[in-house]
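Notes for the one structure printed next.
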Amino acid sequence: MAKLKLRMDDDLLARIQRISKAGGYSSTEEFVLHVLGREIERLDPDESESEEDIRKKLEGLGYLT
């Protein structure tokens, strides 16, 4: 499995830790992977969409300006 390091502010990490614990996840990492996996599935469910289609979805969701 590949590894990725992220930097985030302390407040965001504390929120993630609180939510993952309340949700019964075994670790913060498990929660983050679950959330990312669900979001990716929602944005690119069949992997056949073009990059332009995905960009438009991200803009519509407010991720891109």
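Throughout, read-outs are computed from the coordinates displayed, never taken from laboratory work. Because the structure is a prediction, the values reported are computed rather than measured.
Among all the aspartates and glutamates, which ones have a C-alpha under 18 Å from LYS56's C-alpha, if same-chain residues fewer than 8 places away are not counted?
Excluding near neighbours in sequence, the set is GLU39, GLU41, ASP44, ASP46, GLU47.
Can you return the aspartates and glutamates within cross-link range of LYS21? Criterion is Cα-Cα under 13 Å, with same-chain partners fewer than 8 residues away left out.
Cross-link targets: GLU29, GLU30.
Give me a comma-separated list of calculated 3J(HN,Hα) values for the stretch 24-33, in order, Karplus coefficients 6.51, -1.76, 1.60 applied at θ = phi - 60°, integers in Hz, x for any Gly or Pro.
x, 6, 6, 7, 4, 4, 4, 5, 4, 5
On a full-extension model of 0.36 nm per residue, what is the gain between GLN17 and ARG42, subtracting their alpha-carbon distance, rounded to one decimal in nm?
Full extension of this stretch gives 6.7 nm more.
As a test of the formula, what do you get for the chain when each DSSP H run with n ≥ 4 contributes -39,500 (n - 2.57) and the sum is divided by the residue count, at 222 nm and rounded to the nearest 500 deg cm²/dmol?
Using -39500 (n - 2.57) per qualifying helix, the result is -19000 deg cm²/dmol.
Kindly write out, for the stretch 51-63 in residue order, the coupling ³J(HN,Hα) from the Karplus curve 6.51 cos²θ - 1.76 cosθ + 1.60 (θ = phi - 60°), rounded to whole Hz, with x marking Gly and Pro.
4, 5, 4, 5, 4, 5, 4, 4, 5, x, 8, x, 6
What is the extension gain from GLU49 to LEU64, computed as 0.36 nm multiplied by their sequence separation minus the C-alpha to C-alpha distance, in nm to one decimal?
3.7 nm
Expressed in nm to one decimal, what extension gain is obtained for the pair LYS5 and GLU30 from 0.36 nm per residue of sequence separation less their Cα-Cα distance?
Additional length available on full extension: 7.6 nm.
Starting from 0 in steps of 5 Å, tell me what percent of the Cα-Cα pairs of the chain lands in each bin.
That works out to 3, 14, 18, 20, 20, 16, 8, 1, in percent per bin.
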